[in-house]
Amino acid sequence: MTRDDLKDILHNPKLSRLDVLVILLSVDSGGVRTVKELKDLSAYGGLRKASGWNISDILSRSKGIAVRTSSGWELTKEGKILAASLGADTGPVVTANASLRKCLCSISSPDAKEFIEEAVKCLEARYLRAAVVLSWVGAVSVLQQYIVSNKLVDFNAEALRRNPNWKAAKNSDDIGKMKEATFLVVLESISVIGKNTKQELEECLKLRNSTGHPTSLKFGESRVASHIEILILNVFSKFSV
């Protein structure tokens, strides 16, 4: 959230003083703010009454929502979750999470929905590795359900062509016996997904494999947000049943 967004969000009469300060602390993807900076931001957003607040007292009684460091006040993990619930974007993961939440409304499969709901909770808590894994599992579940409902005969024929020992799948559990990399190849072969989509999903699978096992790989919110975006645009928004 940028400081220009403050003019639209700060004037909700339902916001408490703490809510206002949490929003101010989330501006420009968060960071450390002094009391003076918080008052200046509030004035910039048109909420001048905050200049008379005892900001340090309000934040010190926030029960862990914000903490004071040697440089000023900053949000904790809980504070960032609160900021997101108030509509204050604190980073790329927040935007991705909001989009993922919207997808839940169109997903009828209980199994897929449960995985995605857990991915949402992980994003809110900034458990990035878990969010990558669960969002991928949710996407695979959606694709499996789509195949069962629409393309099971074609899927089994292609799977058998590639593997003479393949036992015809009847449900998503049966499809789950196939390796996910092979699953994507079969989906492309029966024109459920295109070549470029398969390649992007293969990258998502690589990230899922890297995060699901002990490795030295490091990544940040932007990479996770990109992973979520690919799944939303190419799976959740297209194949939800």
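Just one of the numbered conditions (1) farther than 30 Å from Glu118 by Cα; (2) assigned to a loop (DSSP other than H, G, I, E, B); (3) at pLDDT 95 or above is not true of Ser62: (1).
Every condition in (1) over 20 Å from Val142 (Cβ atoms); (2) under 15 Å from the mean Cα position of the chain (by Cα) is met by Cys204 except one, and the failing one is (1). Checked against (1) at pLDDT below 95; (2) over 30 Å from His11 (Cβ atoms); (3) touching a Lys or Arg at 6+ places or on another chain (Cβ under 9 Å); (4) not basic (Lys, Arg), Val120 passes all but a single condition, namely (2).
Looking at the structure I just gave you, is Leu160 over 17 Å from Ser240 (Cβ atoms) and surrounded by fewer than 17 Cβ atoms within 10 Å (Cβ to Cβ)?
Details: over 17 Å from Ser240 (Cβ atoms): yes; surrounded by fewer than 17 Cβ atoms within 10 Å (Cβ to Cβ): yes.
It is true that Leu160 is over 17 Å from Ser240 (Cβ atoms) and surrounded by fewer than 17 Cβ atoms within 10 Å (Cβ to Cβ).
If you check Ala169, Ala225 for being assigned by TED's automatic domain parsing to the domain that holds Ala131, under 27 Å from Lys102 (Cβ atoms) and among the hydrophobic types (A, V, I, L, M, F, W, C), only one passes: Ala225. When His213 is tested against (1) more than 22 Å from the chain's Cα centre (by Cα); (2) loosely packed, with under 13 Cβ neighbours inside 10 Å, only condition (1) is not met. Is one or more of the residues making up segment 175-188 free of Cβ contacts under 8 Å to residues at least 40 places away in the same chain, closer than 19 Å to Ile147 by Cα and of a type in the set (S, T, N, Q)? Yes.
Entry remark, segment 163-176: residues being small (Gly, Ala, Ser) and either part of a helix (DSSP H, G or I) or within 11 Å of the chain's Cα centre (by Cα) (or both) number 1 in total. Could you look through segment 16-50, keep only residues that are touching a residue at least 60 places away in the same chain (Cβ under 8 Å) and among the polar types (S, T, N, Q), and pick out the one that is surrounded by the most Cβ atoms within 10 Å (Cβ to Cβ)? Ranking the qualifying residues of segment 16-50, first place goes to Ser26.
The values are calculated or read from the model by the stated rules, or taken from the named source; none is laboratory data. Please read all numbers here as calculations on a predicted model, not as lab measurements. Quick reminder, even Gly has a Cβ in these numbers, built from the backbone with ideal geometry, and neighbours come from all protein chains shown.
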